[in-house]
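These notes concern the structure reproduced below.
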Amino acid sequence: MSKDLLLEIGTEEVPAHVMPGTLRQLAEHAETVLKDNRIAYASVRTLGTPRRMALLVEGLAEKQQDISSENRGPSVKIAFDADGNPTKAAQGFARGQGVAPEDLVQKDGYVYAMVHEEGKDTAELLQTILPNLICGLNFPNNMRWADLDFKFIRPIRWIVALYDKEVIPFTVAEVPSGRTSRGHRFLSQGDFDIPDADSYEKACEEQYVIVDPAKRSQMIREQIQAVAKENGGEVEINEDLLEEVLYLVEYPTALCGTFEEKYLKLPEEAVITPMRDHQRYFPVKDANGSLMNLFITVRNGGKAYLETVQHGNERVLRARLADAQFFFDEDRKKSLEQHREKLSTVVFQQGLGTMLEKSDRLVALSGYIAAEVHADEKTEKHALRAAYLCKADLVTGMVTEFTELQGIMGREYAKLDGECEKTAIAIDEHYKPRFAGDSQPQTPAGRIVSLADKVDTIVGMFSIGKIPTGSQDPFGLRRQALGIAHMMIEAKCSLPLAKVVAKAMDLYAITDEAKRAKLLAAVRDFLQLRMKNVLEDAGIRYDVIDAVLATLGDMDLYGTYLRAKAVMGFVQTPDAVKHIQAFVRVANLAAKAEEATVDASLLQEAEEKSLYQAYTSTESAMQSLVPDSDYAGAIDALTELTGPIDAFFDKIMVMVEDKAVRNNRLGLLKAIDNLEKQVADFKQIVLD
């Protein structure tokens, strides 16, 4: 037999951004603890609103599964004396296993205790499991209340714990469990009883609480789309905003409000940002995609007094838009370039100068990158101008008030100043990606300035010891490094970032060679870890990742990506093992070589001459294949060495007494190993 289980934790309103993770955590913990306690179940669901998090377990068995085990004890010689009587060792083992000494079984020279543990009633176990589940939840921030030595995201006000119709009794934070829940703050009659676990959702809905997030989300989506259609528009549903609104309401009702048309003259983002990010409103656009003077919000309640709610929301938004209009008008009294002068009053980071100095560095670094990627004259011009202006909007009133608009307002102000469209776009794009899942810069100029900005920030922060540790990354350096990797791959740009990092160190006036070397190594390691994540996401095998990252060298991230793809394809071919074995034999002895130089006059045997000839042929091929990023072709060229390598090792003694001959043979192997490492360190590949 099985029954359904309900656990509802009632609290004061929990921050919306915390709820999705909390519900996932509750489900995972429940599945783990039920398995650990050997209690079978059909399914686990979590439900929740701002004031409650609930666990529903369907088909929960009424008893633990029985368990039988065969536990080995001491050897027979130790367990019994000469007369066959159990010794203290046997008696102690039996006592520990809960069996009588005479019940011990002899097998394979040892004694065994055959232990059978009968499963306990689930209802009894739940009295411990459920409070532990509640106390085991982790949150980014916790509260204490009253004089309790107990922490939770918000004060717990009620607990419902039902195993079918039966209340599971326990107490957490002086709140006893029961069957009484609470309805919607304003629409319900207050407290109400839940007859059994299966009736939970229906009972809540009768009290104006839609407890299933999926159902509530669908209601919100359908309502805002219907309201937009009624008003002649189409709603833009931002999924992050939808999820936030989802956990702000228990009983959603969408409504439409308006604002003065004069605000539509502002840049679109200047209207949408205060609407969406500050007020949690959904913007509405017409059939042509133009913003309308409408917004849709979701009320936590029914349809009564909707007009009053509408007017209240309109009044709040009107104030926000009036602020935006004021800041915009004030900002436009100067050009974007004139605003740039004020950057001298803004500190970039203590020890790294002002934002104006950073802006100057970006101009120089962007010019260097443009030359390295052989950008055309127009692209270089757009990139340099964008680098010059890209931080100027940070001191405008609009960005000071609405920080989410950095880069966006720079783009809009640049357009209004008559700057080139590509320059304006690059100003916006240089911040991308702003968050996980955001798009990469799409224009060449935008990529150049974005790369310059990210490298300058990483090098600067590393130079003053602000290196991310553990989960701490207050300056978002990991995100910026990941952005660099994804940007280089998406743009298919092979660029030795080691040169860019060195140029950034020059611009920071870091001249000490030891410090430069240490800093370069730290940045390389940092980018290597981010690149590892990128390659794992691309489905590359872990040993292939290690093989290509071991030769990251000049930090060509796109080249590393291509090498990983080529090696991944290579290791899956039938003959890969024999080729890699040959490469590894070379690498093992090459480690003993002092130099990768070969004197052809010292080659004595036919096999070493043949290997040298194969090497020179492969080296010649690699000189065109590697610069063209044809790593699959480079691997094919390297495999031509396998036969001569095997013949060399079969016939040639490398470590001969003649030092000149020995070093020459080692030098040949070292030269071949250097060729192989232009693709990967094949010693890292795990062979079956």
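With 22 Å as the limit on Cα-Cα distance, the pairs of Lys215/Lys303; Lys265/Lys454; Lys422/Lys532; Lys466/Lys677; Lys381/Lys432; Lys77/Lys107 that go past it are Lys265/Lys454; Lys422/Lys532; Lys466/Lys677. Taking Cα centre as origin and charging only the Cβ of basic (Lys, Arg, +1) and acidic (Asp, Glu, -1) residues, the dipole magnitude of the range 1-134 rounds to 280 debye.
Think of a 1.4 Å ball rolled over the protein heavy atoms: the chain then has 48 Å² of accessible area per residue. Across the range 1-114, C-alpha contacts under 8 Å between residues 6 or more apart give a mean separation that, scaled by the residue count, equals a relative contact order of 25 percent.
Using a 1.4 Å probe over the heavy atoms of the protein chains, calculate the carbon and sulfur portion of the accessible area of the range 555-688 as a whole percent. So the carbon and sulfur contribution to the accessible surface is 45 percent. Note on the range 323-472: the C-alpha convex hull projects to 9.6 nm² when averaged across all orientations.
Cα centroids of the range 476-541 and the range 621-663: 31 Å apart.
Centre-to-centre separation between the Cα atoms of the range 428-464 and those of the range 141-217: 46 Å.
Using the alpha-carbon positions of the range 1-86, Rg (one decimal) and Dmax (whole number) come out as 22.4, 73 Å. Summing Cβ point charges (Lys, Arg +1; Asp, Glu -1) relative to the Cα centre of the range 561-630 gives a dipole of roughly 380 debye. Note down the net charge around Phe570, summing +1 for each Lys or Arg and -1 for each Asp or Glu among other residues with Cβ under 14 Å from its Cβ. It works out to a net charge of -3. For the range 531-688, the orientation-averaged shadow of the C-alpha convex hull comes to 9.1 nm² (one quarter of the hull surface). Each Cα pair under 8 Å and six or more residues apart adds its sequence gap; the mean of these over the residue count of the range 71-181 is a relative contact order of 17 percent. Largest first, the residues Tyr208, Tyr558, Tyr251 sort by 1.4 Å accessible area into Tyr208, Tyr251, Tyr558.
The packing ranking, built from the mean of other Cβ atoms within 10 Å per residue, places the peptides 393-402, 151-160 in the order 393-402, 151-160, highest first. Magnitude of the Cβ-charge dipole of the chain, K/R +1 and D/E -1, about the Cα centre, nearest 20 debye? Roughly 1320 debye, rounded to the nearest 20. Compute the signed sum of charges (Lys and Arg +1, Asp and Glu -1) over the other residues within less than 14 Å, Cβ to Cβ, of Ala660. Computed value for this residue: -3. Protection proxy ranking of 535-542, 643-650, by the mean of other Cβ atoms within 10 Å over each peptide's residues and highest first, is 643-650, 535-542. Considering only Cα atoms, the convex hull volume of the range 436-527 works out to 97 Å³ per residue. All other residues whose Cβ lies under 9 angstrom from that of Ile484 are scored, Lys and Arg at +1 and Asp and Glu at -1, for a net of +2. The mean sequence separation of alpha-carbon pairs under 8 Å and at least six residues apart, normalised by the residue count of the chain, gives a relative contact order of 7 percent. Dipole orientation for the chain: of the candidates Thr354, Val544, Ser75, Thr354 has the Cα lying most toward the positive pole (charges on Cβ; Lys, Arg +1; Asp, Glu -1). Shape annotation for the chain: C-alpha extents along the principal axes are 107, 100, 45 Å, from largest to smallest.
The values are calculated or read from the model by the stated rules, or taken from the named source; none is laboratory data. Every value quoted in this text rests on a predicted model; they were computed, and no experiment measured them. Neighbour counts are summed over all protein chains in view; Cβ atoms, including those assigned to glycine, are modelled from backbone coordinates with ideal geometry. We work out accessible area using only protein heavy atoms, side chains counted, and drop any ligands, DNA or RNA first. Shrake-Rupley method; radii C 1.70, N 1.55, O 1.52, S 1.80 Å.
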